[in-house]
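Visitor: Have a look at this one before I ask anything.
The values are calculated or read from the model by the stated rules, or taken from the named source; none is laboratory data. Worth saying up front: this structure is predicted, and the values here are computed from it rather than measured. When we count neighbours, we look across all protein chains shown, and the Cβ atoms used for this are built from the backbone with ideal geometry, even at glycine.
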Amino acid sequence: NAGVTQTPKFQVLKTGQSMTLQCAQDMNHEYMSWYRQDPGMGLRLIHYSVGAGITDQGEVPNGYNVSRSTTEDFPLRLLSAAPSQTSVYFCASRSGADTQYFGPGTRLTVL
Amino acid sequence: EDQVTQSPEALRLQEGESSSLNCSYTVSGLRGLFWYRQDPGKGPEFLFTLYSAGEEKEKERLKATLTKKESFLHITAPKPEDSATYLCAAQGGSEKLVFGKGTKLTVNP
């Protein structure tokens, strides 16, 4: 199993540009989520999904969109990037109340 | 509102000097308490899951314990390679995990 994979590993954007952060898991987990991690703020939940076709907002959803068309994939879209979205982004997946596994992260800089 | 608070924010130990990290939680209907280790530039790595008060789990120099209000991560005779940020998270009645801000542990040789 590859576990949770994320691409790209690093990305630099200009303000106003759009991009999609990719996340995939091969563990057949129904629950997937996106977090951002900023110094002194800890991990904050952006969006999450409890299954294909079902998504919901987390703590900091503004400026981000998600969709879940398959069990395996959960992309995060930035429609118009802002400097405040400079952060490290982590995707995670789990099954029920079991252990949540994290991907390696995407380091995003918005200039 | 569900909350998780970790203390201290940072901890410096000498190699071999045992200590404990604290995770206080306020969660309705705890379904699981999770400990992770995070190294710089990497994603959190799972360590332990605790489900009920009184439960304990061990792995090498680490032992996690759980009460109705707190969890402790005990580190016995730490080594420099134990240096990392340790994260605690709790899952209550909702599907969401609530994370603390972490404790940065530095173990000096």
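Visitor: Looking at A:13, A:79, which is the one that is away from chain B (no Cβ under 14 Å) and at pLDDT below 95?
Guide: Sole residue among the options that is away from chain B (no Cβ under 14 Å) and at pLDDT below 95: A:79.
Visitor: Could you please tell me which pairs satisfy a Cβ distance under 6 Å, a separation of 6+ or placement on different chains, a first residue in segment B:58-82 that is farther than 10 Å from residue B:20 by Cβ, and a second residue that is in a loop (DSSP other than H, G, I, E, B) and among the β-branched types (Val, Ile, Thr)?
Guide: Listed by first residue and then by second, the contacts come to B:61/B:76.
Visitor: Next question. With the condition kept exactly as written, say whether any residue in segment B:3-19 is of a type in the set (Lys, Arg), within 20 Å of residue A:31 (Cβ to Cβ) and either within 14 Å of chain A (Cβ to nearest Cβ) or assigned to a strand (DSSP E or B) (or both).
Guide: No, because not a single residue in segment B:3-19 is of a type in the set (Lys, Arg), within 20 Å of residue A:31 (Cβ to Cβ) and either within 14 Å of chain A (Cβ to nearest Cβ) or assigned to a strand (DSSP E or B) (or both).
Visitor: Return yes or no: is residue A:95 polar (S, T, N, Q) and either within 14 Å of chain B (Cβ to nearest Cβ) or closer than 26 Å to residue B:39 by Cα (or both)?
Guide: Answer is yes for this residue.
Visitor: Every residue in segment B:85-109 that is within 14 Å of chain A (Cβ to nearest Cβ) and in a strand (DSSP E or B), please.
Guide: Residues satisfying the conditions are B:85, B:86, B:87, B:88, B:89, B:90, B:91, B:97, B:98, B:99, B:103, B:104.
Visitor: A follow-up question, please. Quick one: in segment A:16-47, which of the residues that are small (Gly, Ala, Ser) and modelled with pLDDT of 95 or more is farthest from residue A:61 (Cα to Cα)?
Guide: This residue is A:24.
Visitor: In segment A:48-64, how many residues are surrounded by 14 or more Cβ atoms within 10 Å (Cβ to Cβ) and over 17 Å from residue B:89 (Cβ atoms)?
Guide: The number of residues fulfilling the criteria is 8.
Visitor: Consider residue B:78 against the criteria (1) within 18 Å of residue A:98 (Cα to Cα); (2) more than 14 Å from every other protein chain (Cβ to nearest Cβ); (3) buried (at least 20 other Cβ atoms within 10 Å of the Cβ); (4) not charged (D, E, K, R): it satisfies all of them except one. Which criterion is unmet?
Guide: Exception for residue B:78: condition (1).
Visitor: Please determine, by comparing only the residues of segment A:27-43 that are surrounded by fewer than 16 Cβ atoms within 10 Å (Cβ to Cβ) and facing chain B (nearest Cβ under 8 Å), which one is farthest from residue B:100 (Cα to Cα).
Guide: Ranking the qualifying residues of segment A:27-43, first place goes to A:40.
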